[in-house]
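The values are calculated or read from the model by the stated rules, or taken from the named source; none is laboratory data. Predicted model only: the values in this text are computed from it and were never measured. Every residue, glycine among them, receives a Cβ derived from its backbone with ideal geometry; neighbour counts consider all protein chains shown. Ligands, DNA and RNA are excluded from the accessible area calculation, which covers all protein heavy atoms including side chains. Shrake-Rupley method; radii C 1.70, N 1.55, O 1.52, S 1.80 Å.
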Amino acid sequence: MRVDKLIVFIMCLVFLTGAQTQSWASQRTVLIVYSYNEELAWTQQCDRGIRQALSNDVTIERLYMDTKRLPQHEFADRAKAIMKGFHRLQPDLVMLSDDNALRLLGPEIAASGTPVVYFGINGNPRDYFIDLPANVVGIIERIPVFHWARVIFEIVPDADSLVVLMDDSPTADAIIKSAFNRRTKVQLGEKEVDLLKVRYFEDWKRFIQETEHGAILMPVYHTLKDAAGTHIPFEKVIKWTSANSRVPVFASQDYAVGDEGVVGSHTVLGEEHGRLAGIMAKKILEGVSALQLSVADDQSGAYYFNRNQLERFGLVLPESMKGLEIIMN
């Protein structure tokens, strides 16, 4: 009888040990490195999407580079600090958000053999590597500048020209390279789209007050600084621009739209963008090689408009947009 009980005990111990080992084996750690700060709406939206895609047995760690607010000469030191976190955590997979993280961290992390999934990339990922490694794949964020410009010309039919106004940032450079192909002026039929990039808020304000363009599109405006080099919060940029512009202003973020914000935006949905990247990461954790996955190009999005801003400039949305837009009071 004692022998039987001993056998049962040993069998149970083996079963429990095996189950525990299997549980440990199923635990994975994913490190997400965000180029920007935790409070930024885009960061929060992407994070929600990633959490939806990854299973509960995945441990998620997060590090933030804060490159929208830090001056560029501090980027390298920030990247070194992030790499220390990477070596400390030893994650099974790293997700890199936006161009600065991929550019500054991607080559070193990929060289360690750790799988990398990028998202929010406006530029060409190949530009950040000598050769794109086999363990790197992800989602490209394409801000459809000229599609959005054509829509804006429909909304503001009296406008003969539109200016794409941006800060002086790596994100702006990536948009210029991918959309404008380094041009500063593009013809859309009889309409003209000009490009302007500025570094300082005073120059931004001067242009807003003096522009002769019929409309303004500001895709990125998060790194503007004053003459002393102090970062200007993007909320202040939005509010000042809205209050002082004589022509309709449009953006590429839903949070920029409002009574004290821009007229409208065409927005790549951060939550869905993050979810797509999270699904890609989940497949790799389940054993799918990055080589078996295709790079995705995310241009999907939604239109947001503010009713009071539309009325302020006497604008009416075209019939072709009815049912597609989200009106915010």
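List of remarks:
- Under 22 Å of direct C-alpha separation, and excluding same-chain neighbours fewer than eight residues apart, K225 reaches these lysines: K68, K197, K205, K236, K239.
- Across the stretch 59-185, the convex hull enclosing all Cα atoms gives 130 Å³ per residue.
- For the stretch 97-166: accessible area per residue (Å², 1.4 Å): 34 Å²
- Here the Karplus relation 6.51 cos²θ - 1.76 cosθ + 1.60, evaluated at θ = phi - 60°, turns the backbone of the stretch 133-143 into coupling constants of x, 5, 9, 10, 7, x, 10, 8, 9, 10, 7 Hz, with x for every Gly and Pro.
- Mean projected area in nm² (Cα convex hull; one quarter of hull surface) for the chain: 21.6 nm²
- At a probe radius of 1.4 angstrom, the accessible area of the stretch 186-329 per residue rounds to 48 square angstrom.
- Note on the chain: dipole from Cβ charges, positive end direction compared against L195, L315, H273; the farthest Cα belongs to H273.
- Among L165, L291, L224, residue whose mean-square fluctuation peaks in a GNM of the chain (springs only between Cα atoms under 10 Å): L291
- Efficiency of FRET from Cβ geometry, T230 and F146, R₀ 41 Å, rounded to 0.05: 0.75
- Under the criterion of Cα pairs below 8 Å and six or more residues apart, the relative contact order for the chain equals 19 percent.
- Whole-angstrom gap from the stretch 308-329 to the stretch 99-163, using each part's C-alpha centre: 29 Å
- With respect to the chain, whose longest principal axis is taken over its alpha-carbon atoms, helix 2-26 is tilted by about 20°.
- Degrees between helix 41-53 axis and first principal axis of the chain (Cα, 0 to 90, nearest 10): 30 degrees
- Rounded to the nearest 20 debye, the dipole size of the chain about its Cα centre is 860 debye, using +1 on the Cβ of Lys and Arg and -1 on the Cβ of Asp and Glu.
- Assuming charge only on the beta carbon of Lys and Arg (+1) and of Asp and Glu (-1), the dipole of the stretch 182-275 about its Cα centre is about 380 debye to the nearest 20.
- Top of E271, E286, E108 by mean-square fluctuation, Gaussian network on the chain, Cα under 10 Å: E286
- On the basis of the beta-carbon distance and an R0 of 56 Å, L196 and D57 show a calculated FRET efficiency of 0.70.
- Element breakdown for the chain at a 1.4 angstrom probe: carbon and sulfur atoms account for 52% of the accessible area.
- On Cα atoms only, tilt of 270-285 relative to the major axis of the chain in degrees: 30 degrees
- Convex hull of alpha carbon positions in the stretch 156-260: directionally averaged projected area 6.7 nm².
- Cα-centre dipole for the stretch 146-305 with unit charges at Cβ (Lys and Arg positive, Asp and Glu negative), debye to 20: 420 debye
- Overall Cα dimensions of the stretch 193-329 - principal axes, largest extent first, Å: 56, 45, 27
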